[in-house]
Amino acid sequence: MPEQQLIAPLGAAFSTRLICTAGDRLIHPADNNNELARIVTRWSRVWVPETWPARQYFTALGIGDDENPRYTDEDVVGWLLIQPRPDSLAWRVRTGAIDVTTALTAEAEAWPG
């Protein structure tokens, strides 16, 4: 039986069972209450660093390309969902302006394949 996929509330730990759309953001769980703020943003089907500390974190782990840093879902398992930027697809889903099917359809049209 396939695993059920979910839209998680803000603050939930990311897992590969969660559906994330462009604009969803994650913060490293150790950064929740300090200034490091390692944050990544969902872009197409990958995560990209939103902050310099996030990029440094993955570079130190030897993950990603220095010229074009991209991270997989597995690289950010356990990171925590935070408020997406206003007007992103994720923000529209989480505010109820559009449903997740519409957001995923828009992503599929923008980034086919």
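The values are calculated or read from the model by the stated rules, or taken from the named source; none is laboratory data. Note that the structure is predicted; figures quoted are calculated from it, not measured. Positions of Cβ are backbone-derived with ideal geometry, glycine not excepted, and every protein chain shown enters the neighbour counts. All accessible areas refer to the heavy atoms of the entire protein, side chains included, with ligands and DNA or RNA removed. Shrake-Rupley method; radii C 1.70, N 1.55, O 1.52, S 1.80 Å.
Observations, loosely collected:
- Rounded to 10°, Cα long-axis angle of helix 100-110 versus longest principal axis of the chain: 70 degrees
- The listed peptides 68-76, 86-94, 28-36, ordered by packing as a protection proxy, come out as 86-94, 68-76, 28-36 (highest mean of other Cβ atoms within 10 Å first).
- Rolling a 1.4 Å probe over the heavy atoms of the protein chains gives the chain an accessible area of 59 Å² per residue.
- Portion, in percent, of the accessible area of the chain that falls on carbon or sulfur, probe 1.4 Å: 54 percent
- Whole-number D in µm² s⁻¹ for the chain, Kirkwood Cα-pair radius fed into Stokes-Einstein, 10 °C, 1.306 mPa s: 110 µm²/s
- Relative to the Cα centre, the charge distribution of the chain, modelled as +1 at Lys and Arg Cβ and -1 at Asp and Glu Cβ, gives a dipole magnitude of about 260 debye.
- Burial ranking of peptide ranges 49-56, 17-24 (average Cβ count within 10 Å, highest at the top): 17-24, 49-56
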